[in-house]
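**Student:** Pasting a structure here, questions to come.
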């Protein structure tokens, strides 16, 4: 049995019976049957299905957003924006997949030769709770346009979101078996990963979950894409526009209640502007309205689970005990739900939990850098390498420094965000492979050489 809990109140929302092996097998069989047919469906017909799904998402935006808020606690305005982004992502791949998947002529000794992109079959998507719709759609849209089908194992606490997506796909006209949701716990998913009906796996989640799935997929010789944790550096050089940097810093750290793999987490600031930036950052962060995430005025809702709030508090407390300075917040908010104060901790250094670990919640670490070289060294002093931001008025210099940052994305004078037009993914312990763009659609295809004598 799975229970979903409203993180704003602590009350149980729903209870779901776990699927047994036969029920899971039926979902996989449906995916296999659909994959045979879907692979033969012309691209323009696949596009029509994705556009219909997008239209259905927009039509039900408000109710879907409310479901996400109830299950994981993000502010309602942000939840609506997430549903809109899903519709955009579906439409983007509906519009552009034909060009991405077009046969590519290649010179050889043949009379004619080319490279074609063929579907693999059934893709298993193991997805997290923090963006319960977008994480799924950004994996599904390119995979489905490439001719694959998908079964989803969602996070337990967003089970209703998973079932709503399955319903939306079906009601929009998706063929039976094109997209199916499994109600299962993570500890039993290895058997599904290894199942011969699964052709490949995509996972967004923790480093531990990624390592486990990668082992199982590797033993079965299956392709997988892993988008794992992040401890993104937000580097502020002394010539940066501090007003723009500090305002963006608040959004980059606290959006989605601070529970985002690509949230800025380590704010690395040159000595010359450190105190000014830290002061502005704390002042702006302290103005955020915390409360019921269904209230449109609220900017910061609860942590998604009680254990997540406890983890953030432990990281903050241990860092302060090790010599960091608490300048804002730093404790749970009493009463119902899993609320935590917006928190800024300054004078954080390597060796402290807030520097070395991923902080998944509304707490920011501000790190002092002696100069630009030291700032880049601190940015790279992490086991993660997902996204990064670099703030300076000297864009040419920033591009030079960007080449040295060990991350899958470098945003200069902007906030890291996923975009269907750009590849998304990381290096080091942030995982491997890419989602989105042409790079993402090519992750789950057979890149087939065709040689004609």
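The values are calculated or read from the model by the stated rules, or taken from the named source; none is laboratory data. A quick note: this is a predicted structure, and the numbers were derived from the prediction, not measured. In this analysis, Cβ positions are derived from the backbone assuming ideal geometry, glycine residues included, and neighbour counts consider all displayed protein chains.
**Student:** Is it the case that residue 388 is touching a helix residue (DSSP H, G or I) at 6+ places or on another chain (Cβ under 8 Å), under 17 Å from residue 266 (Cα atoms) and surrounded by 22 or more Cβ atoms within 10 Å (Cβ to Cβ)?
**Tutor:** So residue 388 fits the description; yes.
**Student:** Can you pull out every residue in segment 212-240 that is under 14 Å from residue 413 (Cβ atoms) and surrounded by fewer than 18 Cβ atoms within 10 Å (Cβ to Cβ)?
**Tutor:** Selection gives 239 alone.
**Student:** Of the conditions (1) crowded, with 22+ Cβ neighbours inside 10 Å; (2) within 26 Å of residue 248 (Cβ to Cβ), residue 444 fails just one. Which one is it?
**Tutor:** Result: residue 444 fails condition (2) only.
**Student:** Considering only segment 26-48, I want to know if a residue exists there that is surrounded by 17 or more Cβ atoms within 10 Å (Cβ to Cβ), within 30 Å of residue 76 (Cα to Cα) and either within 27 Å of the chain's Cα centre (by Cα) or touching a residue at least 60 places away in the same chain (Cβ under 8 Å) (or both).
**Tutor:** yes
**Student:** Something else: Could you check, for segment 64-74, whether at least one of its residues is without any contact (Cβ under 8 Å) to a residue 40 or more places away in the chain and under 25 Å from the mean Cα position of the chain (by Cα)?
**Tutor:** Looking for residues that are without any contact (Cβ under 8 Å) to a residue 40 or more places away in the chain and under 25 Å from the mean Cα position of the chain (by Cα), one finds at least one in segment 64-74, hence yes.
**Student:** In this structure, does residue 397 turn out to be more than 28 Å from residue 98 (Cα to Cα), outside the structural domain of residue 96 (by TED's automatic domain parsing) and in contact with a helix residue (DSSP H, G or I) (Cβ under 6 Å, 6 or more places away or on another chain)?
**Tutor:** No.
**Student:** Which of the following residues is under 19 Å from residue 276 (Cα atoms) and surrounded by fewer than 19 Cβ atoms within 10 Å (Cβ to Cβ): 345, 349, 367, 395?
**Tutor:** The conditions single out 349.
**Student:** So residue 243 ticks every box in (1) buried (at least 16 other Cβ atoms within 10 Å of the Cβ); (2) more than 22 Å from residue 440 (Cβ to Cβ) but one. Which box is left unticked?
**Tutor:** The number of the failed condition is (1).
**Student:** Which count do you get for residues in segment 400-419 that are within 17 Å of residue 86 (Cβ to Cβ) and surrounded by fewer than 22 Cβ atoms within 10 Å (Cβ to Cβ)?
**Tutor:** Matching residues across segment 400-419 total 2.
**Student:** Still on this structure, please answer the following. Identify the residue in segment 317-335 that is closer than 18 Å to residue 307 by Cα and under 29 Å from the mean Cα position of the chain (by Cα) and, among all such residues, is surrounded by the fewest Cβ atoms within 10 Å (Cβ to Cβ).
**Tutor:** Checked segment 317-335; the qualifying residue surrounded by the fewest Cβ atoms within 10 Å (Cβ to Cβ) is 331.
**Student:** Shifting gears a bit: Mind checking which residues of segment 276-314 are touching a helix residue (DSSP H, G or I) at 6+ places or on another chain (Cβ under 9 Å), surrounded by 21 or more Cβ atoms within 10 Å (Cβ to Cβ) and without any contact (Cβ under 8 Å) to a residue 60 or more places away in the chain?
**Tutor:** 312
**Student:** Another question, if that's okay. Of the residues 11, 26, only one is in the same structural domain as residue 143 (by TED's automatic domain parsing) and touching a strand residue (DSSP E or B) at 6+ places or on another chain (Cβ under 8 Å); which?
**Tutor:** 11
**Student:** Please enumerate the residues belonging to segment 69-82 that are more than 14 Å from residue 418 (Cα to Cα) and assigned to a helix (DSSP H, G or I).
**Tutor:** Listed by number, the residues that qualify are 69, 70, 71, 72, 76, 77, 78, 79, 80.
**Student:** Given the options 168, 189, name the one that is buried (at least 16 other Cβ atoms within 10 Å of the Cβ) and either out of contact with any helix residue (DSSP H, G or I) (no Cβ under 6 Å at 6 or more places or on another chain) or not assigned by TED's automatic domain parsing to the domain that holds residue 10 (or both).
**Tutor:** 189
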